[in-house]
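Working notes for the structure below.
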Amino acid sequence: MKKIAVLGSTGSIGTQTLEVVRENGDIQVMGLAAGSNTDLLEKQIREFHPVKAAVWSKEKAKELRVRVADTDTEIISGMEGLIEVAVMEDTQILVTAIVGMIGIRPTIEAIKAGKDIALANKETLVTAGHLIMPLAEKTGVSILPVDSEHSAIFQSLQGNDRRTVKKILLTASGGPFRGKKQEDLLEIRVEDALKHPNWSMGAKITIDSSTMVNKGLEVIEAKWLFDVEVDDVQVVVQPQSIIHSMVEYEDGAVIAQLGTPDMKLPIQYALYYPERRYLPGERLDFWNIGKLDFEKPDMETFYGLKLAYEAGKRGGSLPTVFNAANELAVSMFLRREAKYLEISEIIEDCMMAHKNIENPTLEQILEIEAETYERINSRR
Ligand code: NAD
Ligand code: MG
């Protein structure tokens with residue numbers, strides 16, 4: 001039986017991972033970790049009987065420990081707890097479904113411990129890809145993409161020589177504000193930005209999709225996962241979200257993966273790779289779809305995407321600044337402390353002020369994250 005642990009088990013990707021586990025019935029869940037939703041975590045503990053479960057806050061962990069005292073699950077907390085779940089002895093795969101660059105340390109520790117990573121947590125790869133990819137290679141660990149676009153690229157690469165890849169065609173839905181201009185976005189409220197046309201996801205990534213910062217993070221994610229230059233990753237707006245991404249080869253052939261928008265497919269593919277399994281759900285009906293549309297992304301309106309290309313191209317610590325500034329700006333927007341258009345403004349301001357460090361260590365990355373937060377907070 002395959003054994004896994006899940007960081008971020010109560011979120012959108014985490015709960016869908018557990019649905020895949022439930023539907024297949026042949027994966028054992030060894031460890032779970034969540035931020036603060038202890039009600040759902042308790043339910044998960046009772047259903048999946050993990051050996052360990054981590055909750056971020058000490059107080060919540062204490063409370064949960066009492067509530068699940070009748071089970072065999074050990075409750076732990078904080079960064080230590082996350083790392084403990086990440087490196088559990090018998091697990092083969094760690095699913096990183098936690099949101100934000102808080103995932104860096106547990107991911108690095110899991111790789112050191114030889115765990116394959118089913119990676120949803122793109123922020124970690126964006127900021128620490130230069131540490132993670134070489135480490136994974138050294139320890140023989142596979143980084144299996146869960147992000148739907150990267151899973152599509154990974155699927156489109158199967159059976160082909162990587163050296164014949166010409167470019168990656170990363171598709172984007174364009175989000176809820178596709179076709180709008182800056183002046184249309186002045187008064188965007190949280191509720192408007194949380195309405196994604198095709199996918200139901202956590203709040204942070206839904207806002208990122210609306211600003212196209214998510215696509216920017218994905219460009220950098222692709223650079224690390226597939227060892228390509230960011231300029232060889234071309235974003236193609238495909239509003240129906242049916243083509244999940246494509247690879248163009250030297251001979252001009254383009255290979256794509258298509259499907260209905262359902263994250264369980266990439267999650268299941270990562271968990272069972274290279275095996276394909278039955279997955280319940282709707283199938284594509286091309287007679288009904290009729291046509292697919294394609295557009296060029298509007299990088300003037302959604303200039304967060306342009307900034308991501310710049311951060312990805314210059315590399316070093318700049319992607320950390322890009323990501324950290326976005327993480328804080330989005331949380332401020334969600335708390336209604338920043339306006340919608342300020343998200344990209346804040347990212348740009350932090351990037352302009354930053355002195356790039358070429359090969360930042362883990363400590364430097366975390367310092368730059370803190371410095372970026374300080375800069376934003378001190379200017380308000
Ligand atoms: P979400 O907000 O729904 O869930 C986040 C999870 O992380 C929750 O379980 C939360 O409890 C946990 N978490 C947050 N802070 C924590 C902490 N300090 N300690 C422990 N756990 C903590 O987010 P999501 O939409 O599931 O996204 C998760 C990751 O997957 C993100 O990096 C996102 O970019 C990526 N992703 C998501 C989707 C999607 O469809 N939702 C698609 C592609 C990639
Ligand atoms: Mg994606």
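Out of 95, 87, which single residue is open to solvent by less than 30 Å² (accessible area, probe 1.4 Å) and either more than 15 Å from the chain's Cα centre (by Cα) or closer than 25 Å to residue 275 by Cα (or both)?
95
Need at least 2 residues that are surrounded by 21 or more Cβ atoms within 10 Å (Cβ to Cβ) per element, so show me which helices (runs of 4 or more DSSP H) inside the range 164-234 make the cut, counting only ones lying wholly within it.
Passing ranges, in order: 203-211, 213-226.
Evaluate the range 155-163: report whether one residue or more is touching a residue at least 12 places away in the same chain (Cβ under 8 Å), farther than 17 Å from residue 239 by Cα, open to solvent by less than 70 Å² (accessible area, probe 1.4 Å) and basic (Lys, Arg).
No: zero hits.
Please go through the range 116-138 and give me each residue that is more than 9 Å from ligand 1 (Cβ to nearest atom) and open to solvent by less than 10 Å² (accessible area, probe 1.4 Å), ordered by number.
117, 118, 125, 126, 127, 128, 129, 132, 136
Check the range 154-162 and report whether any residue there is of a type in the set (Phe, Trp, Tyr), away from ligand 2 (no atom under 16 Å from the Cβ) and modelled with pLDDT of 95 or more.
Checked the range 154-162: no residue is of a type in the set (Phe, Trp, Tyr), away from ligand 2 (no atom under 16 Å from the Cβ) and modelled with pLDDT of 95 or more.
What strands (runs of 3 or more DSSP E) completely inside the range 69-138 contain at least 1 residues that are within 16 Å of ligand 2 (Cβ to nearest atom)?
93-96, 116-119
If I filter the range 58-71 down to residues being within 15 Å of ligand 1 (Cβ to nearest atom) and touching a helix residue (DSSP H, G or I) at 6+ places or on another chain (Cβ under 8 Å), which single residue comes out as nearest to residue 88 (Cα to Cα)?
Top of the filtered list is 61.
Those residues that are touching a strand residue (DSSP E or B) at 6+ places or on another chain (Cβ under 8 Å) and either away from ligand 2 (no atom under 16 Å from the Cβ) or open to solvent by 20 Å² or more (accessible area, probe 1.4 Å) (or both), I need them from the range 139-148; list them, please.
Result: 141, 142, 143.
Looking only at the range 235-259, which residues are within 16 Å of ligand 1 (Cβ to nearest atom) and open to solvent by 40 Å² or more (accessible area, probe 1.4 Å)?
none
Starting from the range 185-208, take each residue that is farther than 11 Å from residue 333 by Cβ and away from ligand 1 (no atom under 16 Å from the Cβ) and list its partners that are open to solvent by 30 Å² or more (accessible area, probe 1.4 Å) and aromatic (Phe, Trp, Tyr), counting only C-beta distances under 6 angstrom and pairs at least six apart or across chains.
none
Restricting the first residue to the range 225-247 and requiring it to be closer than 25 Å to residue 129 by Cα, which pairs with a second residue that is hydroxyl-bearing (Ser, Thr, Tyr) and open to solvent by 20 Å² or more (accessible area, probe 1.4 Å) meet a Cβ separation below 8 Å and a spacing of at least six or different chains?
Qualifying pairs under 8 Å: 230/309; 231/309.
Quickly run through the range 2-13 and pick out the residues that are closer than 10 Å to residue 96 by Cβ and either surrounded by fewer than 24 Cβ atoms within 10 Å (Cβ to Cβ) or within 6 Å of ligand 1 (Cβ to nearest atom) (or both). Give the steps one after another, and end with the answer.
Pass one, the range 2-13, residues closer than 10 Å to residue 96 by Cβ: 5-8, 13.
Correct list: 8, 13.
Look through the range 19-43, keep the residues that are touching a Ser or Thr at 6+ places or on another chain (Cβ under 8 Å) and surrounded by fewer than 23 Cβ atoms within 10 Å (Cβ to Cβ), and return whichever of them is nearest to residue 84 (Cα to Cα). Reasoning before the result, please.
Here is the first cut: in the range 19-43, the residues touching a Ser or Thr at 6+ places or on another chain (Cβ under 8 Å) are 30-37, 40-41.
Narrowing the set further to residues that are surrounded by fewer than 23 Cβ atoms within 10 Å (Cβ to Cβ) leaves 30, 35-37, 40.
Working: 30: 11, 35: 15, 36: 18, 37: 19, 40: 20 Å.
The selected residue is 30.
The values are calculated or read from the model by the stated rules, or taken from the named source; none is laboratory data. All values derive from a computational prediction rather than experimental measurement. Here the Cβ is made from the backbone with ideal geometry for all residues, glycine too, and neighbour counts use every protein chain on show. Just so you know, the surface numbers come from the protein's heavy atoms only, side chains and all, with ligands and any DNA or RNA stripped out. Shrake-Rupley method; radii C 1.70, N 1.55, O 1.52, S 1.80 Å.
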